[in-house]
Every structure is written in structure tokens, then in C-alpha cells.
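Here's the structure, in C-alpha cells; my notes come after.
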Amino acid sequence: MGFEIERKFLVSGDYKSKSFKAYPIKQGYLSLSGVSVVRVRVKGEKAYITVKSSIAAGTIKRNEWEYEIPVNDAEEMLKLCEEGLIDKKRYLVKAGNHVFEVDEFYGENEGLLIAEVELESEDEQFEKPEWLGEEVTGNVRYYNSFLSIHPYKKWNSLND
């Protein structure tokens with residue numbers, strides 16, 4: 001069984017000049033239950049299907065299984081996804097011993113910038129670059145699955 005431990009942050013400075021790689025991502029959700037999500041993603045020239053469990057209270061660790069699939073299959077699956085495909089560009093930025101993934105969202109989520117860092121343990125220390133803003137780990141509004149249903153551009157209309 002795989003797992004994921006990540007921390008999320010808003011971005012408040014220049015990360016692009018420090019990026020060593022960038023690629024487009026298009027993703028959607030085949031299932032959005034309270035217990036798990038099933039995501040289809042085309043990431044650059046590759047595609048994946050991923051199952052993630054929800055995060056238990058008091059933790060940032062969750063189960064995750066990810067499998068590479070043919071891009072053509074992923075494109076067909078994206079047509080079956082629930083409303084609100086996510087369109088973004090991901091920038092990889094090294095800071096200390098870690099690589100931050102900075103997502104620049106487009107479409108209905110344009111204007112949102114989120115940085116994530118994957119960790120080996122929940123208490124692992126990491127260098128925080130100067131462009132890192134407010135931590136939003138655990139705030140469901142910043143999960144891509146939430147953004148697919150409640151896009152960033154519509155948050156004011158949701159009284160958020």
C-alpha cells in the first residue's frame with residue numbers, strides 16, 4: 001500500500017525563476033466520495049489513475065495508489081469525469097533537500113497558486129523558501145477535488 005504525506009502552502013513570491021522543470025496537467029475525478037477519490041491525470045506526456053483515501057483527523061498522511069495508464073485511455077476517462085476538470089501548470093522548485101511542486105491554475109481556478117512538498121514523515125523538517133506563503137495543509141478548500149466542484153473564481157459567491 002502506498003501513502004502520501006504532504007504539506008500545502010499558498011505562494012507569495014517569485015518561484016518561476018527558481019524552477020528547474022514545468023509541465024501541463026489536466027485532471028478530473030471519476031469518483032468523489034467522502035472516503036476516497038479516484039483521479040485521472042494527464043501530466044505532460046504521461047497519464048495516471050490514482051486512488052486516494054481521505055485524511056484522518058489529526059494527521060496529514062493518507063493512502064494513495066497511483067498507476068501509469070495509456071494517455072489515450074486517460075483522455076477518454078476525462079470525458080467521464082464529474083464536473084470541473086482541473087487545468088494547471090506545475091513547476092518543480094528545489095529548496096534544500098526537497099522539491100516543491102507549485103501549481104499555477106487556469107480556467108475557473110485561475111489566480112490560485114499552491115505549493116506542495118511531499119515528506120517521508122509527518123514531523124520531517126524542510127527548508128521553507130522565501131516565496132512560500134500561508135500554510136493551508138488540511139484546508140479542504142485547497143484540495144484539487146474541492147476545486148473541481150467549487151472553483152476558486154466562485155469562492156466569493158459561496159461566502160468564503
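What follows draws every value from the coordinates through simple rules; no lab data is involved. Please read all numbers here as calculations on a predicted model, not as lab measurements. Cβ coordinates were reconstructed from backbone atoms using ideal geometry, including for glycine residues, and neighbour counts include every protein chain displayed.
A compact table of results
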{"item": "Contact order relative to length of the range 3-158, as percent, for alpha carbon pairs under 8 angstrom and 6 or more apart", "result": "31 percent"}
{"item": "Restraint check, Lys26/Lys128; Lys8/Lys94; Lys94/Lys128; Lys21/Lys79; Lys26/Lys46; Lys8/Lys128, Cα-Cα greater than 21 Å", "result": "Lys26/Lys128; Lys21/Lys79"}
{"item": "FRET E, pair Lys21, Ala57, Förster distance 45 Å, beta-carbon r, rounded to 0.05", "result": "0.80"}
{"item": "The range 64-160: C-alpha gyration tensor shape, a/c 1.5 cut-off, then a/b vs b/c", "result": "oblate"}
{"item": "For the range 1-125: rounded, prolate or oblate by the Cα gyration tensor [a/c cutoff 1.5]", "result": "oblate"}
{"item": "Sparse-neighbourhood loop sites, GluC sites (Glu not before Pro) in the range 24-133 - DSSP loop, at most 12 other Cβ within 10 angstrom", "result": "Glu45, Glu83, Glu120, Glu122, Glu127, Glu130"}
{"item": "Distance between the range 120-139 and the range 1-74 - C-alpha centres, whole angstrom", "result": "17 Å"}
{"item": "Within the chain, helix-based [θ] at 222 nm, where runs of 4 or more DSSP H residues each add -39,500 (n - 2.57), nearest 500", "result": "-2000 deg cm²/dmol"}
{"item": "Three-way shape call for the range 33-96 based on the alpha-carbon gyration tensor, with the a/c threshold at 1.5", "result": "oblate"}
{"item": "Neighbourhood net charge (10 Å Cβ-Cβ; Lys/Arg +1, Asp/Glu -1) for Ala95", "result": "+1"}
